[in-house]
Each structure stands twice: as C-alpha cells, then as structure tokens.
Amino acid sequence: MNIVINNFSFQPIYEQIVIQIKENIMNGTLKEDTLLPSVRTLAKDLRVSMLTVKKAYDELEAAGFIITVHGKGSFVTNANQELILEEKKKEVEQLLEQAVRKGRSCGMDRQELQELYQLILEDLT
Amino acid sequence: MNLDVNHIKKQYREFQLDCSIQIPEGRIIGFVGPNGAGKSTTMKAILGLCSPDEGQILADGRVIEEWSKKEREKIGVVLADSGFSGYYTVSDVCRIMKKFYSSFHEEEFRKQCKHFQLPMQKQIKEFSTGMRAKLYLLLSMSYDAELLVLDEPTAGLDVISRNELLDRIRDYMEPGGRSILISSHISGDLEGLCDEIYLIYEGKILLHEDTDRLLDRYGVLKATEQQYEKLEKKYLIRKMKGTYEVDCLTDQIRYYRENYPDIITEKVSIDDIIMYMIRGDRV
C-alpha cells in the first residue's frame, strides 16, 4: 500500500489518508479482504496521531470501503466494484460541471457547449 | 489507564492553578504552555508529589492517594531536573530499578541503552544533557507502566535523537492499554505524536482540542486593515496587529478560504497557536 502525507497541504491529513487508501483499493493494490494496518501501527508509520487515522478509518467504513471486525482489525470489503464505479461517476459529473461553469464564465452558450461536447465525443470514438 | 484530573486547585503566593485534564486510555495527550504556566505543578499533583488544595485526581476511577505501592508501579515518569544521583552508573541504576519495579525488563532496557549509545559503566554526572534525557526516558518505559507522565522528556536532545525517542514512544503505545501525558517546548514533537493538546497559561487551561483539528481547521488570515473591517468576525479567535496587516487566528480556515479568496491564509503550527492565544487580542 502506498500512502504519502503532505504536512503542508491545506487538505486535512485524515482526508489525505482516506483518498489514498481509496486509490489503493481502486487500482487493485489493496485487494478484497486485505487486512489494513492497525490504527496504532499506521499512526506510528505515518507519524500522525492515532485519532487522525481513526477518523480516516471511520470515514472509509461509513463509505463502505472497509469493515472493522472488533478484535481482528479492518478489512477491505467486497462491495468495492460498485462503490468505485459510483465514485468515478461522481468524479466525471464534477469534471463536467466544472467544464460547463468555465464555459459559461467566458460567455459560451448552451448550444456552443453542446456542440463542443458532441465534437469531443465523436473525436474520441 | 484512564486518568481524570478534576478541577484541581493549588494556591502559591503569586500563582493559582485551576485545571482539569482527561487522559483516556490509548491516548497521548500533549501539554503545552509557557514557562511557569503550571505544567510541572499539574504533573507533580498527578504523581502525588504535591497535594492540591481542592479537586481530585482519579486513576481508573479511584482517587490516586489510595493507590498501593504495587499500583503506583503502573506509572512511569520523566521529570525535569530530577533523577538518580550523579555518582551512579547505568548498571547501578539497573540494580535499583529491579528492586523498585517488579516488572523491570532489564535485558530489554540494556539493549535500548546500547542502541542509544549509553555507556553502562560511566557515572551519570559525566553524561551530557542529551544522554541523561535518553536515560530517563528509556527508564520510564522499562517496566510496562500504563501511564507515562513525561515532563519535557526531549529537552536538550538533538533532532535525530529526538525523533528516535519519539518513535520509541509510539512503539510503546502499540500494545494498547497505555496512555501518556507529555509536555514539550518543541511543539513540532507533539504535532505528529499527540491525539489531543491542552494549552495552559497562568494556571488555567486556555485551549483543549484534538491535534488534527488544530492542524486542519485552525489557520491564520493576513488581512489589510480594509479587508479586516469587512471580515466576518464570528470565527476569529484572536488577532494581532502588525505594521501593515492584521493577523487573525481562526478555527474555521476553510470558511475564510472559500469566502475571502483574496485574503492570504496560512496553516498554523502549535507554536503559532500558542503565540496567538497568549499574545493576541480577543476579537
């Protein structure tokens, strides 16, 4: 598993951990049923506080990426394929939204945007 | 071990301590504040070295004065300016520790001494400040104590030894069931180690927050006078006036980054927060 923390970033450290573990799950580095390091161990290895790691694990669990079995540890769940797809779709939506906003801010109208979108779709097929 | 310091008060001539701290099992609690703020007094009260005028200290639900000798072995300690006689060698100290603490792990302790290059046969008075600091920190972690009370354990240590010893402290927490109260003037040491931070000033707790909230949510705005006038003041905690700008401490840095993109924002360290909380003006 790869996790690299940027202590100078404005992004909260627990969020950085969440995103990077998700990435590890998405790209297959962390497979289903893999046991994640314990909260204490990961905190020690990343040199962050345990509460930070716990917060990250709680969020991953709430999102369904991992499951914590009391006394055993946290495991990567099997429901990931759908979750990953969902996450990716969300990302696409956001990117499209950004594109539309940017287009509007420089005066592109609906038709222009649609034409451009069609053009790109055709270009890439 | 769970430790609950409940409104302890202690009156000295010019100084009044009035402080509450919770140290839950499994947590590392950082204790910061300027010299003379009351850190050492609080720690001494926890150890039973000074008795508070009011309030009580509960360890796992029981008043600490009732603890037996055996139970007191569950506490490990590093205090500034105290320790073994300078005429002892580390080997002598080992013999004493064996008598004091039934679970003293001599072999492991000797291994650690070797790792941190502490000579066994040299008198402690010949040790450098750093060597002494290493010795006392290693000793506090040598008998499975469930609560460590560490008063500036890293003072006088160079950056490399400091980080090695901080890693040792992290290792020490791994088995679980343990908790630590640690003070330091090098707050960088505390940022990656502690789960919560208490800031004490003039005997009172001025701030108590999870470390990751301090580092993620707190921040500084550097606004011009004009920008400051128009600023939403609700989430500002302290301000400091500079020659050209007003610097403000907030616990909602995201809010200001989103709503005032023109104003310069910076992340803060625990040192910055201490400075603002003590030297800054209330908004």
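Please treat every number below as a calculation from the coordinates, not as lab data. Being a predicted model, the structure only gives us computed values, none of them experimental. Every residue, glycine among them, receives a Cβ derived from its backbone with ideal geometry; neighbour counts consider all protein chains shown.
Structure values in brief
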{"read-out": "Average Cα contact separation per residue, chain A, under 8 Å, 6 or more apart, as relative contact order %", "value": "20 percent"}
{"read-out": "The stretch B:1-96: chymotrypsin sites (Phe, Trp or Tyr not before Pro) in DSSP loop, at most 14 other beta carbons within 10 Å", "value": "B:Tyr12, B:Phe15, B:Tyr87"}
{"read-out": "Separation in nanometres of the label points that stand 7 Å from Cα toward Cβ, at A:Thr41 and A:Leu116", "value": "4.9 nm"}
{"read-out": "Helix axis angle, B:159-173 relative to chain B longest principal axis, alpha carbon, degrees", "value": "80 degrees"}
{"read-out": "Chain B, relative contact order in percent, only Cα pairs under 8 angstrom and at least six apart counted", "value": "21 percent"}
{"read-out": "Peptide A:49-61, shielding by other chains (average Cβ, 10 Å cutoff)", "value": "4"}
{"read-out": "Amide proton proximity set for B:Gly55, modelled H, under 5 Å, gap of 5+", "value": "B:Lys9"}
{"read-out": "The stretch B:210-262 - percent relative contact order, Cα under 8 Å, separation 6 or more", "value": "42 percent"}
{"read-out": "Cut-off 15 Å between beta-carbons: net charge of the residues surrounding B:Lys122, Lys and Arg +1, Asp and Glu -1", "value": "+3"}
{"read-out": "222 nm mean residue ellipticity, helices alone, for the protein assembly as shown (DSSP H n ≥ 4; -39,500 (n - 2.57); rounded to 500)", "value": "-12500 deg cm²/dmol"}
{"read-out": "Shielding by partners - mean other protein chain Cβ count within 10 Å, residues of A:6-14", "value": "3"}
{"read-out": "Those chymotrypsin sites (Phe, Trp or Tyr not before Pro) in the stretch A:8-104 that DSSP places in a loop and that have at most 15 other beta carbons within 10 Å", "value": "A:Phe8, A:Phe10"}
{"read-out": "Estimated distance in nm for a label pair at B:Ile160 and B:Glu229, the labels positioned 7 Å out from Cα along Cα-to-Cβ", "value": "5.6 nm"}
{"read-out": "Filtered trypsin sites (Lys or Arg not before Pro), the stretch B:196-283: DSSP coil and at most 13 other beta carbons within 10 Å", "value": "B:Lys233, B:Lys234"}
{"read-out": "Mean projected area in nm² (Cα convex hull; one quarter of hull surface) for chain A", "value": "10.2 nm²"}
{"read-out": "Projected area averaged over orientations for the stretch B:195-283, convex hull of C-alpha atoms, nm²", "value": "5.6 nm²"}
{"read-out": "Cα point-scatterer Debye curve for chain B, base-10 log of I(q)/I(0) at q = 0.11 Å⁻¹", "value": "-0.70"}
{"read-out": "Residue-count net charge about B:Gln11 - beta-carbon cut-off 11 Å; Lys, Arg +1, Asp, Glu -1", "value": "-1"}
{"read-out": "Cut-off 11 Å between beta-carbons: net charge of the residues surrounding B:Tyr235, Lys and Arg +1, Asp and Glu -1", "value": "+2"}
{"read-out": "Degrees between helix A:80-105 axis and first principal axis of chain A (Cα, 0 to 90, nearest 10)", "value": "40 degrees"}
{"read-out": "Spin-label pair B:Ser103/B:Asp60, simplified geometry with 7 Å Cα→Cβ offset, distance in nm", "value": "0.9 nm"}
{"read-out": "Given B:Lys234/B:Lys267; A:Lys44/B:Lys234; A:Lys72/B:Lys69; A:Lys54/B:Lys111; A:Lys55/B:Lys230; B:Lys39/B:Lys134, the pairs whose alpha carbons are separated by over 27 Å", "value": "A:Lys44/B:Lys234; A:Lys72/B:Lys69; A:Lys54/B:Lys111; A:Lys55/B:Lys230"}
{"read-out": "Convex hull volume per residue in cubic angstrom - Cα atoms of the protein assembly as shown", "value": "196 Å³"}
{"read-out": "10 Å Cβ neighbours from other chains, averaged over peptide A:33-42", "value": "1"}
{"read-out": "Cα long-axis angle, helix B:129-140 against chain B (0 to 90 degrees, to the nearest 10)", "value": "70 degrees"}
{"read-out": "Longest exposed-site-free window of chain B, the sites being GluC sites (Glu not before Pro) in a DSSP loop that have at most 13 other C-beta atoms within 10 Å", "value": "B:15-231"}
